[in-house]
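Data block below; observations after.
The values are calculated or read from the model by the stated rules, or taken from the named source; none is laboratory data. Remember, predicted model here, so these are calculated numbers, not experimental data. All Cβ positions, glycine included, derive from the backbone under ideal geometry; neighbour counts span all protein chains shown.
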Amino acid sequence: MCLGVPGQIKDIYERDGVRMGKVDFGGILKEVCLDFVPEMKVGDYTIVHVGFAITRLDEQSAVETLALFKEMGVLEEELLVAREVGVGGKGDLTRGAT
């Protein structure tokens, strides 16, 4: 299964000419491509699908969706699957970081 997962942008930078960022998925930080959402800035919430930020999301919806995904037990599964196939750059996955 591949869900669009909400997360908060914590850092934005460029790597090899591509706009990238660190996104926090409820305590799990992951590197994400931000090229499709050039209007996004640090602190904004986005939906990420297979390593790409695809749209902006309001904070309340993001928090509620993350809580639901955690309750269902699919949040970590989705992010680990993404790492295993090398999505999101180098597959960076950091637990417990904010």
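General remarks:
- Count of residues meeting criterion [more than 18 Å from Leu3 (Cβ to Cβ) and either at pLDDT below 95 or surrounded by fewer than 14 Cβ atoms within 10 Å (Cβ to Cβ) (or both)] in the range 32-43: 6
- Filter result for Val63 (at pLDDT 90 or above and not in a strand (DSSP E or B)): yes
- Breaking point among (1) assigned to a strand (DSSP E or B); (2) without any contact (Cβ under 8 Å) to a residue 24 or more places away in the chain, for Ile54: (2)
- Filtering Val50, Val5 for residues that are touching a helix residue (DSSP H, G or I) at 6+ places or on another chain (Cβ under 7 Å) and surrounded by fewer than 20 Cβ atoms within 10 Å (Cβ to Cβ) leaves a single hit, Val50.
- The single condition from (1) out of contact with any strand residue (DSSP E or B) (no Cβ under 6 Å at 6 or more places or on another chain); (2) within 25 Å of Tyr13 (Cβ to Cβ); (3) modelled with pLDDT under 90 that Asp58 fails is (3).
- Looking across the range 19-51, just one residue is part of a strand (DSSP E or B), without any contact (Cβ under 8 Å) to a residue 40 or more places away in the chain and out of contact with any strand residue (DSSP E or B) (no Cβ under 6 Å at 6 or more places or on another chain), and that is Arg19.
- Scanning the range 8-31 for residues that are surrounded by 19 or more Cβ atoms within 10 Å (Cβ to Cβ) and among the hydrophobic types (A, V, I, L, M, F, W, C) returns Ile9, Met20, Val23, Phe25, Ile28, Leu29.
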